[in-house]
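Take a look at the structure set out below.
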Amino acid sequence: MSQQQQQQQQRGPVPAPGAEPMQLTRACPACSTPTYAMALLTRFPGWDRDVAATRHQCHACNHVSTRYTVGVAPTHTQGQRTVLHVRHPRDLDRDVLKSEHAVLAVPALGLQLPGATMAGTLCSVRELLAFVRGDVAGNYARAMGEAAENGGEDQEAQLAALGAFLDKLTRVLSLEATGDEDQVEKDWFVADGVVAADSPLTIEISDPAGNSYIAPMGDDVALDTARTIEDFERTAEMVAMLEELLAVE
């Protein structure tokens, strides 16, 4: 394992300065039974936000989960758009956190995850795409069953689209880099024909609250040319949505 890979493997959330664990009373996300949860403010590499890590362990149904939240209020004066240019398979191992305000898109796959989908779940890009593949595979199996019952004529296009999507996503997740590790600017996914050169593989998160995150590679964020963060002006609709959420909170 290279030194760069070791550094990436060691990175992750750490307790925020002065943070102390807190015990909260919360309803279990799975069965709604009142139970206790432990919360701790954490910091992520290369990000100046305090992120609350809340761990649920239900005594009634044995459900265990950890949710990461930055809060309902925007943490940035503008919206933020974070783009990860996925050129090497190890880029799939970066952590990603999507807020409930954000839309995550993978244009090369025609994939878009809106709103609450995967919100608050800290996982790698690879794990997120694997979750999507499992979900779509279930839909594909159901569509095949319905096609068998109904003759399949009305669902041929849907089956073809789902099958092509699953095939492309599987190729993304299974690609391995062999040799030429020093070719930093090489796009392995384009070189292997997984995606086209004019439609490279990117992970794009647009968050009007600025509460979403894609992990940098290495300790010097400025050297990570694969990740870009841009500010954008919130639309009137975005401002209204955030104000409504704050009023409910």
* To do: Test A196 against the criterion of being more than 22 Å from the chain's Cα centre (by Cα) and either modelled with pLDDT of 85 or more or open to solvent by less than 10 Å² (accessible area, probe 1.4 Å) (or both), and give yes or no.
  => yes
* **Subset of region 42-63 [aliphatic (A, V, I, L, M) and within 20 Å of the chain's Cα centre (by Cα)]** => V51, A52, A53
* Structure fact -> In region 84-113, anything aliphatic (A, V, I, L, M) and within 23 Å of E185 (Cβ to Cβ) is listed as L84, V86, L92, V96, V106, A108, L109
* To do: Among the numbered conditions (1) within 25 Å of R43 (Cα to Cα); (2) open to solvent by less than 30 Å² (accessible area, probe 1.4 Å); (3) at pLDDT 90 or above, tell me where G115 comes up short.
  => (3)
* Asked: What residue, among those in region 50-72 that are modelled with pLDDT of 90 or more and among the small types (G, A, S), is surrounded by the fewest Cβ atoms within 10 Å (Cβ to Cβ)?
  -> A60
* To do: Report, ordered by the first and then the second residue, all pairs with beta carbons closer than 7 Å, sequence separation of six or more or different chains, a first member in region 101-126 that is within 21 Å of S174 (Cβ to Cβ), and a second member that is in a loop (DSSP other than H, G, I, E, B) and open to solvent by 20 Å² or more (accessible area, probe 1.4 Å).
  => P107/S199; A108/S199; A108/P200
* What about T54, is it touching a Ser or Thr at 6+ places or on another chain (Cβ under 9 Å) and within 26 Å of F189 (Cα to Cα)? -> no
* Which residue pairs have Cβ atoms closer than 8 Å, lie 6 or more positions apart in sequence or on different chains, and pair a first residue in region 80-92 that is under 17 Å from C123 (Cα atoms) with a second residue that is small (G, A, S) and assigned to a loop (DSSP other than H, G, I, E, B)? -> T82/S212; L84/A226; V86/A226; P89/A177; R90/A177; D91/A226
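The values are calculated or read from the model by the stated rules, or taken from the named source; none is laboratory data. Computed from a predicted model, the values in this text were never measured in an experiment. Cβ coordinates were reconstructed from backbone atoms using ideal geometry, including for glycine residues, and neighbour counts include every protein chain displayed. Quick note on the areas: whole protein, heavy atoms, side chains included, nothing else; ligands and nucleic acids left out. Shrake-Rupley method; radii C 1.70, N 1.55, O 1.52, S 1.80 Å.
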